[in-house]
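As structure tokens, the structure follows; a few thoughts come after it.
The values are calculated or read from the model by the stated rules, or taken from the named source; none is laboratory data. In this text the structure is predicted, and so the values were computed from the model without any measurement. Cβ placement follows ideal geometry from the backbone for every residue including glycine, while neighbour counts extend to all protein chains displayed. Accessible surface areas use protein heavy atoms only, side chains included; no ligands, DNA or RNA. Shrake-Rupley method; radii C 1.70, N 1.55, O 1.52, S 1.80 Å.
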Amino acid sequence: MLTLLIVEDNPEVANFVQDFLGRNGFNVLRAETGARAHELFAQTQPDLIILDLKLPDIRGETLCEEFKRV
């Protein structure tokens, strides 16, 4: 089973994506901040990340660059 990390601070969007992907057989993790995304990324090494570009604590582009370095 593939593990996906959704990094999205809008609960309506995150719920929609999580519900859809969960119903279709994916293990879905969710973070509302960049800090939480870092924690989940380190713990799980997800197969795919769906990343919002405007987060409350860090820009999505910065977070993407940090994940690419790992």
Taking the square root of 5λ for each eigenvalue of the C-alpha gyration tensor of the chain, the equivalent ellipsoid has semi-axes, largest first and in whole angstrom, of 19, 15, 9
Calculated from DSSP helices alone, with each H run of at least 4 adding -39500 (n - 2.57) and the total divided by the residues of the chain, [θ]222 nm to the nearest 500 comes to -14500 deg cm²/dmol
The relative contact order of the chain, taking Cα pairs under 8 Å that sit 6 or more residues apart, comes to a percentage of 38 percent
Once GLU61 and ASP47 are pulled to full extension, the length gained, defined as 0.36 nm per residue separation minus their Cα-Cα distance, is 3.2 nm
If every Lys and Arg gets +1 and every Asp and Glu gets -1 at its Cβ, then about the Cα centre the chain yields a dipole, in debye to the nearest 20, of 180 debye
Once the dipole of the chain is set up from charges on Cβ (+1 Lys and Arg, -1 Asp and Glu), the residue from the list GLN45, ILE58, THR33 lying farthest towards its positive end is GLN45
Among beta bridges assigned by DSSP with both residues in the chain, the antiparallel ones amount in percent, to the nearest 5, to 10 percent
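With all protein chains present, how much of the accessible area of the chain (probe radius 1.4 Å) comes from carbon and sulfur, to the nearest whole percent?
54 percent
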Note to self: with every protein chain in place and a 1.4 Å probe, the chain gives an accessible area per residue in Å² of 64 Å²
